[in-house]
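So the structure is just underneath, and the comments pick up after that.
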Amino acid sequence: MIPYARQHVTAADVEAVVATLESDFLTQGPAVPRFEDAVAAGVGAQHAVAMNSATAALHVACLALGLGRGDLLWTVPNTFVASANCARFCGAEVDFVDIDPATWCLSVSCLEEKLARAERLGRLPKVVVPVHFGGQPTDQEAIYALSQRFGFKVLEDASHSIGASRNREPVGSCRWADVAVFSFHPVKIITSGEGGMALTNNVQLAETMRLLRSHGITRDATHLDPAADAGPWYYEQQALGFNYRLTDIQAALGLSQFGRLEANVARRNALAERYNTALAALPLRLPVIAGGSRSAFHLYVVRVDTARASRRRRDVLGGLRRRGIGASLHYLPVHLQPYYQALGFAEGYCPEAEAHGREAITLPLYVALDESQQDEVVEALREEFA
Ligand SMILES: *Cc1c(COP(=O)(O)O)cnc(C)c1O
C-alpha cells in the first residue's frame, strides 16, 4: 500500500536521537530550547514553546488567551477535530465558520458576516482559529484586521503549514496572529514522533504557556516569592498546569528534521506540481493556491467534480484503496462528528465544508514518494475514471 503520508527519517536523525539517549537528559533538557530557538528564528517569531503535541499546544494557547466557561471559539469544519476540541477542554463553546469554495480554507467573507451578526447578538468569539488547510496559508492579514475591529484573539492552527508563506511572510511569524501552533506528528511536514510548538511575539503569553506545559510550576527566580527561602531546590506551583512537556529525545529528532524543512517543502511542491499536470484532464478539482502564497503541501487534496464525473467519491476512494493506494479523506466536517452533532450541529450548517467533505480525496504525498509511485497513483485514478 502506498500510504497518503509517511515520515522521512534519515541516518542523521537516528544519530541525533541516539546521542540524546546517551546524554544526561531524556525528558525536557537542553535539546528542547535548542529546537524552540531554531524554529522561532526560522519562522521569525520571538518566542516558541514546545509541547508534546499540537493538541496540547492548542489547549495551553487557549488558556493563555483567557478562553474559559461562557466564551466562544470559532474555527472551520474542514480541519482535524483538535482545532475545535481545544475550546471544549477549557469549558468554552465552539462555533463554525464555513470555508472558501476556492481555497478550502476559512472564508474571510463568511467570517466577517458572522462577526457582524454576532456583534448585534452580543455573542462575539473570544478566539478564532484559522487553519491553513493542506498547507496553504489563510489570509491572516484580513483575519487580523477583523480581530482588531471585533476584539477577538487569533490562534492559527498551523499544523499543516510549517515552511509555508504568504506574501513572503512565513507562517508562524505571528505578524498577524496572537499565537500560531505547529504539529510534529509523523504524517506532518517534519516530525518529532509526537510533538507540537506554540509561537508568539507576546512575552506574557509565552510565559503563561511555559508555566502551563509543566504543571504550572516555575523555578524562574524573577517569578518566585522574594520572601521565600529560595534555593536550587525551591519551586512554586502558581497555576493549574499539565505535563505537556516534549522530551529531549523528541526535540533532538525535531531539530534534526527542521534542518531539512526547506528541502522537504520544495520536494512536496514539486510533487504537487507533477500531480497538477498529470491529473489536469480528469474530472477533478485540483488545489488552488492563492497568488503570493507558497503552500507547505502537507496534503494533496483533490475534489471529484460531481458535474463532470461519472463515479461517486465513495467508489473512487474505495477503488483506489483496492488498488493499493492509501487515499484518504480530509476532512469529514468537524461539526458533523457525532460529538458535535450531540451539541446541536447538523447537516446544512456549513454547506461549502460539507460539499468538500463529500467530494475530497487525499492522494499520497510525502518526501520519500518517488516519481514511479506517484505515476502509479495517477494511473490508478485514470483507471477509476475510465
Ligand atoms: C494534526 C493536527 C492537529 C493535532 O496535532 P497533534 O500534534 O497530533 O496533536 C491539530 N490540528 C490540525 C489541523 C492537524 O492537522
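The values are calculated or read from the model by the stated rules, or taken from the named source; none is laboratory data. As the structure is a computational prediction, the values presented were derived from the model and not from experiment. Because the Cβ atoms are built from the backbone with ideal geometry, glycine has one as well, and the counts that use them run over all protein chains shown. Just the protein is used for accessible areas: all its heavy atoms, side chains included, with ligands, DNA and RNA removed. Shrake-Rupley method; radii C 1.70, N 1.55, O 1.52, S 1.80 Å.
Report the residue count in the range 68-81 for those that are touching a residue at least 60 places away in the same chain (Cβ under 8 Å) and open to solvent by 10 Å² or more (accessible area, probe 1.4 Å).
Qualifying residue count, the range 68-81: 2.
Of the conditions (1) within 13 Å of the ligand (Cβ to nearest atom); (2) crowded, with 21+ Cβ neighbours inside 10 Å, ALA48 fails just one. Which one is it?
(1)
Looking only at the range 79-111, which residues are under 14 Å from GLN337 (Cα atoms), within 13 Å of the ligand (Cβ to nearest atom), outside any helix (DSSP H, G or I) and not polar (S, T, N, Q)?
PHE80, VAL81
It is to be established whether one or more residues within the range 221-234 are within 16 Å of the ligand (Cβ to nearest atom) and surrounded by fewer than 24 Cβ atoms within 10 Å (Cβ to Cβ).
Looking for residues that are within 16 Å of the ligand (Cβ to nearest atom) and surrounded by fewer than 24 Cβ atoms within 10 Å (Cβ to Cβ), one finds none in the range 221-234, hence no.
Anything in the range 148-162 that is surrounded by fewer than 21 Cβ atoms within 10 Å (Cβ to Cβ) and of a type in the set (Gly, Ala, Ser)? List them, or say none.
Selection gives GLY151 alone.
Listed here are the residues, each with its yes/no results for (1) farther than 26 Å from VAL39 by Cα; (2) surrounded by fewer than 19 Cβ atoms within 10 Å (Cβ to Cβ); (3) in contact with a Pro (Cβ under 9 Å, 6 or more places away or on another chain).
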{"site": "LEU106", "(1), (2), (3)": "no, no, yes"}
{"site": "ARG120", "(1), (2), (3)": "yes, yes, no"}
{"site": "ALA164", "(1), (2), (3)": "no, no, yes"}
{"site": "ALA198", "(1), (2), (3)": "no, no, no"}
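How many of the residues in the range 166-187 are surrounded by fewer than 24 Cβ atoms within 10 Å (Cβ to Cβ) and under 20 Å from LEU253 (Cβ atoms)?
Number satisfying all stated conditions: 3.
I'd like to check something: does the range 359-381 contain any residue that is part of a helix (DSSP H, G or I), under 20 Å from the mean Cα position of the chain (by Cα) and modelled with pLDDT of 95 or more?
Checked against the condition, which is being part of a helix (DSSP H, G or I), under 20 Å from the mean Cα position of the chain (by Cα) and modelled with pLDDT of 95 or more, the range 359-381 yields no hits at all.
List every residue pair whose Cβ atoms lie under 9 Å apart, where the two residues are 6 or more positions apart in sequence or sit on different chains, the first residue falls within the range 129-154 and is in a strand (DSSP E or B), and the second residue, located anywhere, is of a type in the set (D, E, K, R).
Close Cβ pairs (under 9 Å, with a partner that is of a type in the set (D, E, K, R)) amount to VAL129/GLU156; VAL129/ASP157; VAL131/GLU156; VAL131/ASP157; LYS153/LYS126; LYS153/ASP178; VAL154/ASP178.
Among the residues of the range 273-315, which ones are of a type in the set (S, T, N, Q) and either in contact with a helix residue (DSSP H, G or I) (Cβ under 6 Å, 6 or more places away or on another chain) or open to solvent by 50 Å² or more (accessible area, probe 1.4 Å) (or both)?
THR277, SER295, THR306, SER310
As an exercise: evaluate ASP315 against (1) outside any helix (DSSP H, G or I); (2) more than 19 Å from GLY134 (Cβ to Cβ) and give the number of the one condition it does not meet.
Of everything listed in (1) outside any helix (DSSP H, G or I); (2) more than 19 Å from GLY134 (Cβ to Cβ), ASP315 misses just condition (1).
Mind listing whichever residues of the range 353-377 are in contact with a strand residue (DSSP E or B) (Cβ under 8 Å, 6 or more places away or on another chain) and open to solvent by 70 Å² or more (accessible area, probe 1.4 Å)?
Result: GLU376, single match.
In the list LEU255, LEU240, which residue meets the criterion of being in contact with a His (Cβ under 9 Å, 6 or more places away or on another chain) and open to solvent by 30 Å² or more (accessible area, probe 1.4 Å)?
LEU240
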